[in-house]
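Trainee: Have a look at the structure that comes next, please.
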Amino acid sequence: MEIQYSDRLKLMHALCVATTARHDETPITDLSAYDALSAADYLSCYVTFKAILSAGRSPSAERTENFDMLSVYQCYALMTYAFFTSPLVQEGVEPDFKTAQITIAKTLFAGLSDAELIEILESGFNKFQLIAEAEVDHWKAFRENLDKVAISFVIAGTEDDSPHDSDEILPIFGQLLSQLCEAFESA
């Protein structure tokens with residue numbers, strides 16, 4: 001039986017929540033309790049957070065030393081959201097980028113002031129559009145690679161016969177984030 005992509009997203013959401021649950025918490029295992037777009041929001045934040053850790057980045061230090069880097073993380077999370085949700089269109093589910101970018105910013109940057117969040121949202125979305133519309137080969141390759149990694153992550157986590165485990169794919173998110181950070185640090 002072929003599982004729908006939206007169900008894969010919900011399952012990955014549940015699996016990732018389960019890996020981050022405290023010992024005294026019981027994760028929700030009923031997939032009907034999850035929504036595909038909410039799952040994409042969560043997974044975007046989850047892989048971005050894991051990528052930041054894998055890349056050895058320090059958002060708290062960058063907040064004072066290089067604030068614009070936070071918008072790069074926002075851009076990255078929004079790009080992963082786009083790639084997590086693009087297959088949903090075939091199921092009649094349209095991504096909600098406005099809501100997603102706010103959810104992502106509030107999740108990744110909890111505790112920042114509204115003014116800081118607005119700056120991160122605007123700058124992150126501008127970077128997102130710049131990369132999405134770029135025709136330069138390295139940006140095309142970056143988009144393709146991030147798309148492949150996002151879909152591979154979902155498949156690896158939801159297919160029993162996948163050649164890889166989702167944990168094996170997480171460091172690749174970190175490598176791609178490092179590339180994105182380097183591109184904006186040198187700009």
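The values are calculated or read from the model by the stated rules, or taken from the named source; none is laboratory data. This is a predicted model, so every value here is computed, not measured. A quick note on method: Cβ atoms are made from the backbone with ideal geometry, for glycine too, and the neighbour counts reach across all protein chains shown.
Trainee: Look at the range 169-187 and say how many of its residues are in contact with a helix residue (DSSP H, G or I) (Cβ under 7 Å, 6 or more places away or on another chain) and more than 12 Å from residue 51 (Cα to Cα). Walk me through how you get there before you give the answer.
Mentor: Applying the first criterion (in contact with a helix residue (DSSP H, G or I) (Cβ under 7 Å, 6 or more places away or on another chain)) to the range 169-187 yields 169-174, 176-177, 179-181, 184.
Filter once more, keeping what is more than 12 Å from residue 51 (Cα to Cα): 184.
Looking only at that region, the number is 1.
Trainee: Now, a different point. Within the group 74, 90, which residue is over 16 Å from the mean Cα position of the chain (by Cα) and touching a residue at least 24 places away in the same chain (Cβ under 8 Å)?
Mentor: One residue alone meets the criteria, 90.
Trainee: A further question follows. Surrounded by 14 or more Cβ atoms within 10 Å (Cβ to Cβ), over 15 Å from residue 50 (Cβ atoms), under 13 Å from the mean Cα position of the chain (by Cα) and among the β-branched types (Val, Ile, Thr), is that true of residue 155?
Mentor: For residue 155, the condition - surrounded by 14 or more Cβ atoms within 10 Å (Cβ to Cβ), over 15 Å from residue 50 (Cβ atoms), under 13 Å from the mean Cα position of the chain (by Cα) and among the β-branched types (Val, Ile, Thr) - is not met.
Trainee: While we're looking at this one, here's another question. Kindly list, by first and then second residue, each pair from a residue in the range 1-20 that is more than 19 Å from residue 89 (Cα to Cα) and touching a residue at least 12 places away in the same chain (Cβ under 8 Å) to a residue that is of a type in the set (S, T, N, Q) and surrounded by fewer than 22 Cβ atoms within 10 Å (Cβ to Cβ), limited to pairs with Cβ atoms under 7 Å and residues at least 6 apart or on different chains.
Mentor: Final answer for the pair search is 14/29.
Trainee: Shifting gears a bit: List the helices (runs of 4 or more DSSP H) that sit entirely inside the range 39-130 and contain at least 3 residues that are within 30 Å of residue 11 (Cβ to Cβ).
Mentor: Helices (runs of 4 or more DSSP H) meeting the threshold: 68-85, 97-108.
Trainee: Can I ask one more? Among the residues of the range 6-37, count how many are modelled with pLDDT under 85, surrounded by 10 or more Cβ atoms within 10 Å (Cβ to Cβ) and small (Gly, Ala, Ser). Give the steps one after another, and end with the answer.
Mentor: Applying the first criterion (modelled with pLDDT under 85) to the range 6-37 yields 17-34.
Those still in the list that are surrounded by 10 or more Cβ atoms within 10 Å (Cβ to Cβ) too: 17-21, 25, 27-29, 31, 33-34.
Next, from what is left, pick out any that are small (Gly, Ala, Ser): 18, 21, 33.
Adding up the residues that qualify gives 3.
Trainee: Let me ask something additional. Check 160, 167 and return the single one that is over 14 Å from the mean Cα position of the chain (by Cα), part of a helix (DSSP H, G or I) and surrounded by fewer than 17 Cβ atoms within 10 Å (Cβ to Cβ). Don't jump to the end; show me each part of the working.
Mentor: Working: 160 fails: part of a helix (DSSP H, G or I).
Going through 160, 167 in turn, just one is over 14 Å from the mean Cα position of the chain (by Cα), part of a helix (DSSP H, G or I) and surrounded by fewer than 17 Cβ atoms within 10 Å (Cβ to Cβ): 167.
Trainee: Would you mind telling me which numbered condition in (1) within 20 Å of residue 153 (Cα to Cα); (2) assigned to a helix (DSSP H, G or I); (3) at pLDDT below 90; (4) not aromatic (Phe, Trp, Tyr) residue 2 fails?
Mentor: Looking at each condition in turn, residue 2 falls short on (2).
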